[in-house]
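Please read through the structure below; I'll follow up with questions.
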Amino acid sequence: MLLNKALEKIISIGLIAFSMLVGIRLVNEYLKYDNRPKYKFESSIRVLNNGAELHVSHPQNYNINTTGKDTIVFVGDSFGVGSRCGNSKNITGCLSGLNPNKNVINLSLEGTTPAFYLKQIKTYITNQRDNRNISGELVIVSLYSNDIVLDPEYCNFYNSQRSKFRSLMNQNEFSRINKKCDSLLSLSIEEYKEVKNFKLPFRDQIINVIGSESYGFFREIIAQLSLKLLKNSSTGRAGYIPIWKNTNSGELILLAEVLNEMKNICKVYNCKLLVTTFPNVENLSPNSKVRSSLLSFSNFMKKKYSFKIHDGYEPFISNKIKNASYSLTDIHSSCEGYQLYANWLVDLQN
């Protein structure tokens with residue numbers, strides 16, 4: 001009798017678990033459909049006259065040669081790429097539609113930071129100046145909340161001016177950044193990817209059971225809860241906030257100098273630099289913690305470097321948009337959000 005009852009409970013629990021798993025897998029299929037790319041995207045690597053390589057978010061046949069003041073150069077990370085919205089509906093695609101008489105060049109690449117943006121700008125501008133009497137491009141740089149995190153490109157820039165940073169940072173921060181950069185630069189590309197792409201324990205096994213889209217959905221819920229509820233988290237979006245606000249942090253000083261170098265390049269080569277932030281579109285509240293941290297950095301740049309950084313939350317807030325995520329599992333911007341942002345960039349140019 002007791003054995004039969006125990007068996008009935010096991011069967012009932014098994015049926016419930018099976019039903020839940022089927023439900024989650026059905027949700028995974030919906031999330032996969034919701035997250036599908038809506039437009040075609042192509043990128044290419046160009047080998048320039050001097051042998052340097054330049055990654056562009058354009059098809060191979062797209063003309064990237066400057067036309068001087070009639071050229072807009074845009075650079076950012078995956079939000080600048082906007083691959084799911086395609087070449088026609090990402091930020092530069094929208095800018096092209098709004099500026100039909102201008103050549104819009106997208107130098108963005110996913111997973112990169114401002115030190116890479118600087119490298120892209122310098123490679124492009126110096127190459128375009130070779131044997132050509134032309135200038136006046138508008139260079140737009142879009143910063144995202146994770147652009148404060150150290151990577152090898154940041155560390156290469158740091159090493160090229162290490163003696164300068166000794167005087168800009170306090171001793172503790174200088175030693176910490178030294179140690180961190182030495183560690184990052186000692187890694188192979190494969191090792192760096194492992195460090196960068198932190199995996200939760202049993203991630204692959206969980207994905208095999210519930211599906212990659214369902215996993216992304218639950219991971220995003222956890223990330224948003226940690227941002228709202230945890231004050232001292234050192235990981236994810238919550239971990240970026242205190243770094244942006246700490247004017248003594250080595251990362252913030254390093255970013256400030258990278259941006260200042262961009263300004264110097266445009267001064268030398270006669271291009272116009274416009275720096276903006278791009279919002280965390282899953283929370284576009286005027287009181288967003290992420291926005292507050294970015295505004296704090298903007299104030300620092302204005303006071304110490306006389307450097308203007310435009311608040312990318314403005315066009316969304318003014319239109320009372322609370323969320324502009326691409327899908328339930330992708331926190332990149334929707335194509336409509338990119339259009340709104342591009343409209344705002346056009347207004348900034350005028």
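Restricting attention to region 103-116, which residues are open to solvent by less than 30 Å² (accessible area, probe 1.4 Å), under 13 Å from SER57 (Cα atoms) and under 16 Å from the mean Cα position of the chain (by Cα)?
Listed by number, the residues that qualify are ASN106, LEU107, SER108.
I'd like the full set of residues that are surrounded by 13 or more Cβ atoms within 10 Å (Cβ to Cβ), out of contact with any Cys (no Cβ under 9 Å at 6 or more places or on another chain), part of a helix (DSSP H, G or I) and not polar (S, T, N, Q), limited to region 167-202.
Within region 167-202, LEU168, GLU173, PHE174, ARG176, TYR192, LYS196 qualify.
Would you check which residues across region 217-248 are surrounded by 19 or more Cβ atoms within 10 Å (Cβ to Cβ) and at pLDDT below 80 and list them?
If the condition is that a residue be surrounded by 19 or more Cβ atoms within 10 Å (Cβ to Cβ) and at pLDDT below 80, then PHE217, LEU227, ARG237, ALA238 are the ones that fit.
So SER296 passes all but one of these: (1) surrounded by fewer than 19 Cβ atoms within 10 Å (Cβ to Cβ); (2) over 26 Å from ASN248 (Cβ atoms). Which condition number does it fail?
(2)
For region 293-317, what are the residues that are touching a residue at least 40 places away in the same chain (Cβ under 8 Å) and within 29 Å of GLU336 (Cα to Cα)? Steps first, answer last, please.
Initial filter on region 293-317 (touching a residue at least 40 places away in the same chain (Cβ under 8 Å)): 293-294, 296-297, 300-301, 304-305, 307, 309, 312.
Passing the criteria: SER293, LEU294, SER296, PHE297, ILE309, GLY312.
Could I ask something else about it? Cβ-Cβ under 7 Å, sequence separation 6+ or interchain: first residue in region 13-41 and under 24 Å from SER334 (Cβ atoms), partner of a type in the set (Lys, Arg) and assigned to a helix (DSSP H, G or I). Which pairs?
Cβ pairs passing all conditions: PRO37/ARG84; LYS38/ARG84; TYR39/LYS89.
Among GLU251, GLU336, which is among the acidic types (Asp, Glu), buried (at least 17 other Cβ atoms within 10 Å of the Cβ), modelled with pLDDT of 95 or more and farther than 24 Å from GLU137 by Cβ? If you could, list the steps in order and put the result at the bottom.
Working: GLU336 fails: buried (at least 17 other Cβ atoms within 10 Å of the Cβ).
Result: GLU251 is the single residue among GLU251, GLU336 that is among the acidic types (Asp, Glu), buried (at least 17 other Cβ atoms within 10 Å of the Cβ), modelled with pLDDT of 95 or more and farther than 24 Å from GLU137 by Cβ.
Mind listing whichever residues of region 63-80 are assigned to a loop (DSSP other than H, G, I, E, B) and either more than 16 Å from SER333 (Cβ to Cβ) or not small (Gly, Ala, Ser) (or both)?
Applying the first criterion (assigned to a loop (DSSP other than H, G, I, E, B)) to region 63-80 yields 63-67, 76-77.
Within region 63-80, ASN63, ILE64, ASN65, THR66, THR67, ASP77 qualify.
Can you confirm whether region 92-102 contains a residue that is surrounded by fewer than 18 Cβ atoms within 10 Å (Cβ to Cβ), touching a residue at least 40 places away in the same chain (Cβ under 8 Å) and among the aliphatic types (A, V, I, L, M)?
Yes, region 92-102 contains at least one residue that is surrounded by fewer than 18 Cβ atoms within 10 Å (Cβ to Cβ), touching a residue at least 40 places away in the same chain (Cβ under 8 Å) and among the aliphatic types (A, V, I, L, M).
Within region 318-333, how many residues turn out to be closer than 21 Å to PRO286 by Cβ and in contact (Cβ under 8 Å) with a residue 60 or more places away in the chain?
So the first thing to find is which residues in region 318-333 are closer than 21 Å to PRO286 by Cβ, and the list is 318-325, 331, 333.
Now drop any that are not in contact (Cβ under 8 Å) with a residue 60 or more places away in the chain, which leaves 331, 333.
Qualifying residue count, region 318-333: 2.
How many of the residues making up region 103-129 are out of contact with any strand residue (DSSP E or B) (no Cβ under 6 Å at 6 or more places or on another chain) and either free of Cβ contacts under 8 Å to residues at least 24 places away in the same chain or not in a helix (DSSP H, G or I) (or both)?
Looking only at that region, the number is 4.
Can you name the residue in region 33-55 that is open to solvent by 100 Å² or more (accessible area, probe 1.4 Å) and outside any loop (DSSP other than H, G, I, E, B) and is also nearest to ILE210 (Cα to Cα) among such residues?
TYR33
The values are calculated or read from the model by the stated rules, or taken from the named source; none is laboratory data. Predicted model only: the values in this text are computed from it and were never measured. Positions of Cβ are backbone-derived with ideal geometry, glycine not excepted, and every protein chain shown enters the neighbour counts. Please note that ligands, DNA and RNA were not included when accessible areas were found on the heavy atoms of the full protein model with its side chains. Shrake-Rupley method; radii C 1.70, N 1.55, O 1.52, S 1.80 Å.
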